[in-house]
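The values are calculated or read from the model by the stated rules, or taken from the named source; none is laboratory data. Computed from a predicted model, the values in this text were never measured in an experiment. Cβ sites come from the backbone with ideal geometry, for glycine too, and all protein chains shown count toward neighbours.
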């Protein structure tokens, strides 16, 4: 390997960093991109982009369309499914603790290609409870976990997402105006948690918080029938959500290095009523 391939920040391998960046950019571009678009976004010369893409094509992590554009490859599906299973397995004990302590259903979700996907759940012990299928994808603006995820992003990024997927209404309570969504996200950042008050499903209320330090914007929520989950429920639920999110973040946080270096010469305040 050439010396230029191993020089990077933190001892990382530069060529690997660049290949990963190309995959992430294709995902950001909606799943496909032209070489010129990737070169413009990265600032890398076209020959370098072409060489990296050729390797990704050979390994099945990218494929070329008849239009000559590049798209994410099928081999990523297996990796994603495996990562999702591992993430869900690690999160379930934390969600079970949350559901047991608060008596309602707990969910973990993260952003994926402009939508929010549920990756783990622990059900309430009540006969009448909320159930969300793991793997389900929903619009971020109409759910508690989704808004807690969006609040971790810059407003410009939120508007880009909205521009691609829109703001469809799930109920009469759903936010459908971009400016109103930005104002809601600013409020979420200020108070430290998000609320879904019948915006995804009438009669259901949800409180959600960000999972700090997760490599992808991720959020944790507790939800149930509005008759049981009132606004005063937040006084008890939000501190517990933050505590569990902090514990979960230790498992999700990306390590700063793959191993030992070679030899060389707290959360928002609890809500008030």
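Could you tell me whether residue 63 is over 15 Å from residue 18 (Cα atoms), out of contact with any helix residue (DSSP H, G or I) (no Cβ under 7 Å at 6 or more places or on another chain) and either modelled with pLDDT of 90 or more or surrounded by 14 or more Cβ atoms within 10 Å (Cβ to Cβ) (or both)?
no
Checking the condition part of a helix (DSSP H, G or I), in contact with a strand residue (DSSP E or B) (Cβ under 7 Å, 6 or more places away or on another chain) and farther than 20 Å from residue 100 by Cβ, which residue from 195, 188, 161 passes?
Of 195, 188, 161, the one residue that is part of a helix (DSSP H, G or I), in contact with a strand residue (DSSP E or B) (Cβ under 7 Å, 6 or more places away or on another chain) and farther than 20 Å from residue 100 by Cβ is 188.
Conditions first: (1) in contact with a helix residue (DSSP H, G or I) (Cβ under 7 Å, 6 or more places away or on another chain); (2) outside any strand (DSSP E or B). Residue 227 passes all but one, so which condition is the exception?
(1) is the only condition that residue 227 fails.
Just the residues that are in a loop (DSSP other than H, G, I, E, B) and within 23 Å of residue 162 (Cα to Cα), please, taken from the range 25-61.
29, 30, 31, 34
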